[in-house]
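The values are calculated or read from the model by the stated rules, or taken from the named source; none is laboratory data. If you're wondering where the values come from, they're calculated on a predicted model, not measured in any experiment. Using ideal geometry, Cβ is built from the backbone for each residue, glycine included, and neighbour counts are taken over all protein chains shown.
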Amino acid sequence: MNISYNEGNRVFKLDTEHTSYCIGIVDEDNFIGHIYYGRKLTEDNLVYLMRTAEAPFVPSQNNRDRTSFLDTFPMEYTGNGLGDYREGTLEVRTMGGHSGVSLSYVSHRIYDGKEALEGLPATFGGDKECMTLELTCEDKFLGLQVLLSYSIFADSDAIARSVKIVNRADEAIYLTKVLSACMDMDNDDYEMITLHGSWARERAIQTRPVMKGKQSVSSIRGESSHQEHPFMAWKKNTTTEESGDIYAMNFVYSGNFMAQIEENQFGGMRAMMGINPYHFCWKLEPGESFQAPEVICVYSADGIGGMTRCFHDLYRKHLIRGEYKDKKRPILINNWEATYFDFNTEKLLGIAKQASELGIEMLVMDDGWFGRRNDDNSSLGDWQVNESKLSGGLKHLVDEVNKLGMKFGIWFEPEMISPDSDLYRAHPDWAIAIPGRTGSLARNQYVLDLTRKEVRDYVYEMVASVLRSANIEYVKWDMNRQLSDLGSYGLPADRQGEIYHRQVLAVYELQDRMTKEFPHLLLENCSGGGARFDAGMLYYSPQIWCSDDADAVERLSIQAGTAMIYPLSTMGAHVSDCPNHTVGRVTPFETRGYVALAGTFGYELDVTKIPEADRNMIPQQVAMYHKYNDLVREGDYYRIAHYADNHFYDCYEVVAKDKSEALVTYIQVLNRPNFHSRRIHIPGLDPEKTYVIANAQEWPEIKQTEYKGDTLHYAGLNIPPLWGDFKGRLLHLTAK
Ligand code: DGJ
């Protein structure tokens, strides 16, 4: 890892182990141009690549012989309204009502380490682990200073970028758009990969060609959302899972976002990512600064899989924190699909008792334990234990669960308020609402206005006092409605455009407080399933509930899309009941276990009511989890086949970092009659080593049990057809 500045040619060069990123300062205006990002280069003599003075009829301040490069020049971070007609990253409105920003380089700072971003989640690392380049640029006319930060890591090829705006003028200015990263390059036959979905089918992978004009994904829902994801990658159309160029951006943020690629008139393209400018207007008083969240940029020459593994390693080492960062998580049983709102102490203890005998390690009490909440129409905000359900109180229940040798976890939805709650009756102005307009309800609830400090403090105390009252070792932090009707009684008219972002900052502040006061707590974020599964939340919770859909087949697609970016250790995954509560599908209990094994692993069913044969399988599944979880959590993940593409089977693999073992999960979604065995290629192994099928007894059909790593990769292995649909098997390979 190194960051250098060549004063002769005014080029900055950021080198990671396998990549280089080059920035140049050009022209008497000191524009900051993007020169190169890709495979590692030995030199920085690259100024010849910057296209200057090429396009006629483009406005520019110094009229440049009636040509200007402003509309084509590859900018590192763009202004707006002064000659570059591509979409820009920074927009302002002055007190006089004008826009127009142009940024010029002023100075730079290169330092060891990486500074934290105030109030925001971000990757981190010590002085020996990271280096940072901070470019200071300015718009002299506006008195606006812009700090562009680029951090690199000794053990990763990722680059973390962020932007800070400082108002150095003597009057306020409105920031109407502040994106966090921009990357201009030629469109070299790129295809864009994005993730799309809805409730219960989050993050399906979509690939499309990058074409002229704009193509984007975004959220204006106040959360990263079920629908689109704050991630995009662009790859050459020849790039595969295993080889070829790919670039990616992922946002370390949990609110509104936009991610866009625009191809311009000359075939150049601009990729950008940041907070969605929709309903964003941040008033910056003189001397104040605005910190935009971080974007992680990745380039890999090793295909889509190379990009994925780069994100996984970065997030495991430099984003996820806390006690459970590198630890096996307790196998939990959650009562949501077991009981919904219909439970009491006796029922929960019945489940816990049976579960503990089977090796399950924690009981999680989901929604419905507080206020008068017997359905989803009331009581959010009234975080007092409902003792008519939990007779003897919460501490009694927790103590009884602990006596069984199990941990205890609890559900909250701290950001919400039900109109039918004591809290709303006392403080109707604490809900986000447009004064005078009938508020929109979703799941019969409003969103609490957490931009107000008194509301944040109240909610925190309510939640924390429950956590202080008993030995609670896990919290599921849920969020079940998107934001709408934006209005805060706590903010003046010209700051109403700050609500979306302030709300996200407030959630971060609350989770920060909670994880500091309860450092041993295991926090799992959740949002109506997986609507807030993002890198921002991973800074606070090492795992996130992936989706309300725990059907083994749907989960193959949801987990493949999620694992495109996020480590398997972060994916909340449970074995649930059948027929599945979301799709009605019946899959073998065994297969549900294999699919949940690719995540945190737990149960979401009434263990006292499931068929005995299934119940009897739980101790084996528990043993399977304990046997393989270190490998699953820490290893390198490879996608081998995706049933959403081939419609018949799914296959993925985790290989130990030292290549001493690998676990291949093979799920035959649909059987086909009269079909020969299926050839799979198993990558990531040491080509020189001999691997043994360690669980050969589970594969009586495969007679040969020893293979060289390169044979398994290039020649492959024949997987025999399995009898029936939705059948799965694990293949455990160990090096001799
Ligand atoms: C949505 C979550 O995703 C579910 O797991 C469950 O906790 C419900 N909310 C409870 O209301």
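Taking region 391-412 only, how many residues are within 20 Å of ARG373 (Cβ to Cβ) and either of a type in the set (D, E, K, R) or crowded, with 18+ Cβ neighbours inside 10 Å (or both)? Talk me through it step by step, then tell me what you get.
Restricting attention to region 391-412, the residues satisfying the condition of being within 20 Å of ARG373 (Cβ to Cβ) are 391-398, 408-412.
Now drop any that are not either of a type in the set (D, E, K, R) or crowded, with 18+ Cβ neighbours inside 10 Å (or both), which leaves 394-395, 397-398, 408-412.
Qualifying residue count for the region: 9.
So how many residues does region 323-340 have that are farther than 29 Å from ARG443 by Cα and either surrounded by fewer than 18 Cβ atoms within 10 Å (Cβ to Cβ) or within 16 Å of the ligand (Cβ to nearest atom) (or both)?
Taking region 323-340 as the starting set, the residues that turn out to be farther than 29 Å from ARG443 by Cα are 323-331.
The next check asks that each one be either surrounded by fewer than 18 Cβ atoms within 10 Å (Cβ to Cβ) or within 16 Å of the ligand (Cβ to nearest atom) (or both); those that pass are 323, 325-328.
Number of matching residues: 5.
Give LEU363, LEU380 a once-over and let me know the one that is assigned to a loop (DSSP other than H, G, I, E, B), assigned by TED's automatic domain parsing to the domain that holds VAL447 and in contact with a Phe, Trp or Tyr (Cβ under 9 Å, 6 or more places away or on another chain).
Details: LEU363 fails: assigned to a loop (DSSP other than H, G, I, E, B).
The match here is LEU380.
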**Single residue of region 579-606 satisfying the filter (over 25 Å from LYS328 (Cβ atoms) and buried (at least 20 other Cβ atoms within 10 Å of the Cβ)) that is nearest to the ligand (Cβ to nearest atom)** = ASN580
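Looking at ASP155, ASP188 in this structure, which one is over 30 Å from ARG555 (Cβ atoms), surrounded by fewer than 19 Cβ atoms within 10 Å (Cβ to Cβ), modelled with pLDDT under 95 and in the same structural domain as LEU284 (by TED's automatic domain parsing)? Working first, answer last.
Numbers: ASP155 fails: modelled with pLDDT under 95.
The unique qualifying residue is ASP188.
Hey, among TYR508, TYR500, which residue is away from the ligand (no atom under 14 Å from the Cβ), part of a helix (DSSP H, G or I), among the aromatic types (Phe, Trp, Tyr) and closer than 21 Å to TYR315 by Cα?
Numbers: TYR500 fails: closer than 21 Å to TYR315 by Cα.
Being away from the ligand (no atom under 14 Å from the Cβ), part of a helix (DSSP H, G or I), among the aromatic types (Phe, Trp, Tyr) and closer than 21 Å to TYR315 by Cα holds for just one of TYR508, TYR500, which is TYR508.
Name the residues in region 33-43 that are touching a residue at least 40 places away in the same chain (Cβ under 8 Å) and surrounded by fewer than 21 Cβ atoms within 10 Å (Cβ to Cβ), would you? Let's see the steps before the verdict.
Going through region 33-43, the residues touching a residue at least 40 places away in the same chain (Cβ under 8 Å) turn out to be 33-34, 37-39.
Scanning region 33-43 gives TYR37, GLY38, ARG39.
Given the structure, is HIS98 in a strand (DSSP E or B) and either out of contact with any helix residue (DSSP H, G or I) (no Cβ under 6 Å at 6 or more places or on another chain) or of a type outside the set (Val, Ile, Thr) (or both)?
Values: in a strand (DSSP E or B): no; either out of contact with any helix residue (DSSP H, G or I) (no Cβ under 6 Å at 6 or more places or on another chain) or of a type outside the set (Val, Ile, Thr) (or both): yes.
It is false that HIS98 is in a strand (DSSP E or B) and either out of contact with any helix residue (DSSP H, G or I) (no Cβ under 6 Å at 6 or more places or on another chain) or of a type outside the set (Val, Ile, Thr) (or both).
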**Prompt:** Of the residues in region 115-132, how many are crowded, with 23+ Cβ neighbours inside 10 Å and not small (Gly, Ala, Ser)?
**Reply:** 4
**Asked** Residues in region 594-638 that are among the aromatic types (Phe, Trp, Tyr) and outside any helix (DSSP H, G or I): how many?
**Response** 4
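Filter region 657-679 down to the residues that are hydrophobic (A, V, I, L, M, F, W, C), in contact with a Phe, Trp or Tyr (Cβ under 7 Å, 6 or more places away or on another chain) and outside any loop (DSSP other than H, G, I, E, B) and list them by number.
Filtering region 657-679 down to residues hydrophobic (A, V, I, L, M, F, W, C) leaves 662-664, 667, 669-670, 675.
Narrowing the set further to residues that are in contact with a Phe, Trp or Tyr (Cβ under 7 Å, 6 or more places away or on another chain) leaves 663, 667, 669-670.
Result: LEU663, ILE667.
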**Message:** Between VAL401, VAL459, which is more than 16 Å from the ligand (Cβ to nearest atom), over 18 Å from MET362 (Cβ atoms), at pLDDT 95 or above and among the β-branched types (Val, Ile, Thr)?
**Reply:** VAL459
**Request:** Kindly list, by first and then second residue, each pair from a residue in region 448-460 that is assigned by TED's automatic domain parsing to the domain that holds ALA426 and touching a residue at least 12 places away in the same chain (Cβ under 8 Å) to a residue that is β-branched (Val, Ile, Thr) and buried (at least 19 other Cβ atoms within 10 Å of the Cβ), limited to pairs with Cβ atoms under 6 Å and residues at least 6 apart or on different chains.
**Result:** LEU448/ILE417; LEU448/VAL455; ASP449/ILE432; ASP449/VAL455; THR451/ILE499
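I'd like to verify a number: residues in region 383-413 that are assigned to a helix (DSSP H, G or I) and either under 14 Å from LYS476 (Cβ atoms) or of a type in the set (S, T, N, Q) (or both), how many? It would help to see each step written out before you state the result.
Of region 383-413, the ones assigned to a helix (DSSP H, G or I) are 393-403.
Subset that is either under 14 Å from LYS476 (Cβ atoms) or of a type in the set (S, T, N, Q) (or both): 402.
Number satisfying all stated conditions: 1.
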**Request:** Check region 67-76 and report whether any residue there is in the same structural domain as ASP184 (by TED's automatic domain parsing), surrounded by 16 or more Cβ atoms within 10 Å (Cβ to Cβ) and at pLDDT 95 or above.
**Result:** yes
**Message:** Given the criteria in a loop (DSSP other than H, G, I, E, B), at pLDDT 95 or above and more than 22 Å from VAL669 (Cβ to Cβ), does TYR540 qualify?
**Reply:** yes
**Request:** Output the residue which, of all residues in region 552-571 that are over 23 Å from MET249 (Cα atoms) and in contact with a Phe, Trp or Tyr (Cβ under 8 Å, 6 or more places away or on another chain), is nearest to the ligand (Cβ to nearest atom).
**Result:** ALA552
**Prompt:** Restricting attention to region 404-429, which residues are free of Cβ contacts under 8 Å to residues at least 40 places away in the same chain, away from the ligand (no atom under 15 Å from the Cβ) and touching a Leu at 6+ places or on another chain (Cβ under 8 Å)?
**Reply:** PRO419
**Complete:** Of (1) surrounded by fewer than 21 Cβ atoms within 10 Å (Cβ to Cβ); (2) free of Cβ contacts under 8 Å to residues at least 60 places away in the same chain, PHE343 satisfies every one except (1)
**Request:** Could you tell me whether region 362-373 includes any residue that is more than 13 Å from the ligand (Cβ to nearest atom) and surrounded by 21 or more Cβ atoms within 10 Å (Cβ to Cβ)?
**Result:** yes
**Prompt:** Applying the selection to region 524-551, what residues are more than 11 Å from the ligand (Cβ to nearest atom), under 18 Å from LEU332 (Cα atoms) and touching a residue at least 40 places away in the same chain (Cβ under 8 Å)?
**Reply:** SER541, PRO542, GLN543
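Here is a yes/no grid of residues against (1) crowded, with 16+ Cβ neighbours inside 10 Å; (2) more than 25 Å from VAL178 (Cβ to Cβ):
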{"residue": "LEU448", "(1), (2)": "yes, yes"}
{"residue": "GLU454", "(1), (2)": "no, yes"}
{"residue": "TRP477", "(1), (2)": "yes, yes"}
{"residue": "GLN482", "(1), (2)": "yes, no"}
{"residue": "ASP485", "(1), (2)": "no, no"}
{"residue": "ASP494", "(1), (2)": "no, no"}
{"residue": "TYR500", "(1), (2)": "yes, no"}
{"residue": "GLN511", "(1), (2)": "yes, no"}
